[in-house]
1. Of all the Cα-Cα pairs you can form in the range 290-334, what percent are over 12 Å apart?
2. Using R₀ = 25 Å, calculate the FRET efficiency as 1/(1 + (r/R₀)^6) where r is the Cβ-Cβ separation of Glu39 and Ile212; round to 0.05.
3. Starting from 0.36 nm per residue, how many nanometres of slack lie between Val251 and Thr182 once their C-alpha separation is accounted for?
4. So what's the back-of-envelope 222 nm ellipticity for the chain, counting only DSSP H runs of four-plus at -39500 (n - 2.57) apiece and dividing by all residues, rounded to 500?
5. In nm, to one decimal, how far is the modelled label at Ser294 from the one at Ser352, with both set 7 Å along Cα→Cβ?
6. At R0 = 35 Å, how high is the FRET efficiency between Tyr147 and Arg241 if r is their beta carbon distance? Nearest 0.05 is fine.
7. Which residue, Phe282, Phe177, Phe81, has the most motion in a Gaussian network model of the chain that connects Cα atoms within less than 10 Å?
8. Could you tell me how many cubic angstrom of Cα convex hull volume the range 308-368 has per residue?
Amino acid sequence: MNEIYVTRPSLPPFEEYAEEIKGIWETHRLTNMGSKHLELQERLLDYLDVKAIELFTNGHMALELTLQAMNLKGEVITTPFTFASTTHAIIRSGLKPVFCDINPLDFTMDVSKIESLITDATSAILPVHVYGNVCAVEEIECIAQKYGLKVIYDAAHAVGVTYKGKGIASYGDAACFSFHATKVFNTIEGGAVCFRDTELGDVLRKIKNFGIRDAEHVDYVGCNAKMNEFCAAMGICNLRRLEEEIREREVIAKQYRKALDSISGIRLNDTQEFTRPNYAYFPIVIEEEKFGASRDEVFLKLKEKHIFARKYFYPLTNAFECFQGQYFADHTPVALRMSQRILTLPIYVGLSETNVEKICNIILSCKK
Ligand SMILES: *Cc1c(COP(=O)(O)O)cnc(C)c1O
């Protein structure tokens, strides 16, 4: 039997990509903001419905360099229910993460707990649109304004999501996307920052290229985080099919919902009001008391049948070995509880109806 992973990267037809990169053999322009880079940037401005964007070599550098470009200091309120990148970007920028708990319905930051974590040292809030779920953007905006804080969204999962008819990255001072191979939209490796303040754009543009202003002037201690032409070309191709792919993902999500929605002990991700989702992930919460089997039992049973679901996000980032003694997962009890019960099921373009049915049947066979 073939193995089924939690995701499978999208690829355009080979000929389409070959055609897209052909011109590079004439120009010999491989990177440093060439024509593919500029074209993808233009197309994403339109697709994401934002005013300003900068492309990066990956989502992590987009996030890390945004924090550095904003020249933030002190503490950043964030969530531990995320990929390592979010927390690492804060710490690698010389800032201190302060972990806020999540709400158990959509797994985003619990806004009722933010204010009690704000101190004189707080400079920003860094929530995650986890699984493509939209954070409580309006409440977060209110809190940020009241205390004069910056808001940077980790929107790595949220390409193509809209809220109240607007692109998800129009919320916050900045929103960072990942275009990694495993994400809904990929440029092989890649990322982008969308932002409000045009001055921040000037800094980001320099800081991703060693801080260089021009041949004889260097303004910032930057690094190399530019997107190259081959990745941009992949993005141009993949973007053509993205809407179609999101619709295909929706069909898979609906099939999962139908099979698992009314099962006692399994809770599905809430559908959110005013939101156009992108179906990036299909998380389920398994409550052992009602289901009769634990998350780990279901995970192993699927694995036995060569189906590799993932425990996103277990462990919490505040439980990582590299932070031992500094941060504590029991300070965010809801996130801890969710991390022990969550399982994200395979969802990607090309996953067949038969396979989704098979996955659901294996899960249901674990019920006692
Ligand atoms: C994937 C991901 C990132 C990092 O993106 P890369 O493109 O892999 O560097 C950051 N945050 C979250 C939540 C992610 O899932």
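Quick note: the coordinates plus some simple rules give every number you see, no bench work behind them. These figures come from a predicted structure and were not determined experimentally. Cβ sites come from the backbone with ideal geometry, for glycine too, and all protein chains shown count toward neighbours.
1. Above the 12 Å cut-off, the range 290-334 has 69 percent of its Cα pairs.
2. 0.65
3. Extending this stretch completely gives an extra 22.9 nm.
4. -11000 deg cm²/dmol
5. For Ser294 paired with Ser352, the spin-label model returns 3.5 nm.
6. Between Tyr147 and Arg241 the formula returns 0.25.
7. Comparing Phe282, Phe177, Phe81 in the GNM, the peak value goes to Phe282.
8. Spelled out: Cα convex hull of the range 308-368, divided by residues, is 116 Å³.
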